[in-house]
1. Quick check: from the Cα gyration tensor, does the stretch 1-70 come out rounded (a/c under 1.5), prolate or oblate?
2. By count of other Cβ within 10 Å, fewest leading, how are 366, 11 ordered?
3. Rounded if a/c is under 1.5, else prolate if a/b beats b/c, else oblate: with a ≥ b ≥ c from the C-alpha gyration tensor eigenvalues square-rooted, which is the stretch 200-242?
4. Rank these for me by crowding, 117, 78, going from fewest to most other beta carbons within 10 Å.
5. Determine Rg/Rh for the stretch 111-246; Rg is computed over alpha-carbon atoms and Rh is the Kirkwood hydrodynamic estimate from the same atoms.
6. Express in whole angstrom the spacing between the alpha-carbon centres of the stretch 385-416 and the stretch 60-139.
7. How big is the gap, in Å, between the Cα center of the stretch 160-182 and the Cα center of the stretch 206-275?
8. Provide, in order from the shortest bin, the percent of all Cα-Cα pairs of the chain in each 20 Å bin, continuing until the bin that contains the maximum pair distance.
Ligand code: GLN
């Protein structure tokens, strides 16, 4: 057994009777309520306590329990959970109740995991700091003057603080990986399509991914396996092979790992000196073990950021068109129907979301789409084919998560463009649809592999942990 698995620790304590599930759940909910990190939009106390007492009764009767049974988790407030609020951290949907449950969440519930909290995040996934939220900024787990990262900030903080055993974030361009780095926990953006998006509020559908945030690699493995699989509710889902726990025990074969890193990420004037130094130190340690690390050419980070934001804004402008106060959300009344729509949409969306809707509408409109949107589509294909050729040369790409260290609360709001540029290292892998893991080493290290190679990433992450 991997000793640092929170899930297995809880499972064993419940099984042996050294911990009651009701006490566990009540303790975690109490800790969230007392904390000043502002991670919770909605607590699911009543349901969680009911589920916990059912688990306790089962154990008392001597019945077997599954590995996830009774294990408390959090979910970003962009997931549907039937009968409960799903706000996307927006004013628009602050009273919206989910009519059904997201597939990924349903699989966790079926395995017996207990949902505690709908977690605060950037509104509709728009942001990198978890400050763009109707519920007020989330505060970093290590230092409350710093941002939590985003958009899945509440989820990463809950895991880092031990308020949840694991949390389910959402990652379109870095929203699991970057807050995981800022709060020093693991976060996986799986291969696009591995986990169903059904029941996840759409930001940019072509890169939206569901994924776990946890304190150990074993926990990331367990949760990914449970949530994966084809789903009739999401036609982009794919079949995948479960990741075996043997990856954590078996010796790596000679030349099993062959790494690359992108020179354009590191030899760049926007990277902080310390992040660059730590990165080269890490490369040095890996090479010392006889593992090859190749320097690779790649697109300029500005190209990646521009391509991502053009596509993400276009998709979100289209996805959010449904929020008009008629089919969904809070309706505000003006003078006549046109005015109602204008009033409803201008009052309910935040400035950051409006910036994206206006930008997205612009790049899709006649006279601009040829020059901007279609160009981004061409670049997308070039980026994807470059990844394909890189993964015929190496099997893992290593990079920092961000060029900068965690910002102070309030700092990024002054300059949205600078915030977009801070996504320089995460967005490219999203465009590639590739699996990428954040490891909490230093300011965070990302490991990326070819599609469906999550097992290789986890195996190398476990090895890397042992040599640093
Ligand atoms: N920070 C990026 C953005 O604002 C990524 C967000 C996400 O992955 N949801 O688009």
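Any read-out appearing in this document is the output of simple, stated calculations on the displayed coordinates, not a laboratory observation. The model shown is predicted, which means the values in this text are computed figures rather than measured ones. Note that we place each Cβ from the backbone using ideal geometry, even for glycine, and neighbour counts take in every protein chain shown.
1. Oblate is the answer for the stretch 1-70, as a/c is 1.5 or above yet b/c matches or exceeds a/b.
2. Listed from fewest to most nearby Cβ atoms, that is 366, 11.
3. Working: a/c = 2.91, a/b = 1.45, b/c = 2.01.
It is oblate, given that a/c is not under 1.5 and a/b is not larger than b/c.
4. Numbers: 117 29, 78 32.
If I rank by nearby Cβ atoms, fewest first, I get 117, 78.
5. Working: Rg = 14.2 Å, Rh = 14.8 Å.
Across the stretch 111-246, the Cα-based Rg/Rh ratio is 0.96.
6. Centre-to-centre distance over Cα atoms comes out at 26 Å.
7. The two parts, judged by their Cα centres, are 14 Å apart.
8. P(r) over the chain, rounded to whole percents: 26, 58, 16, 0.
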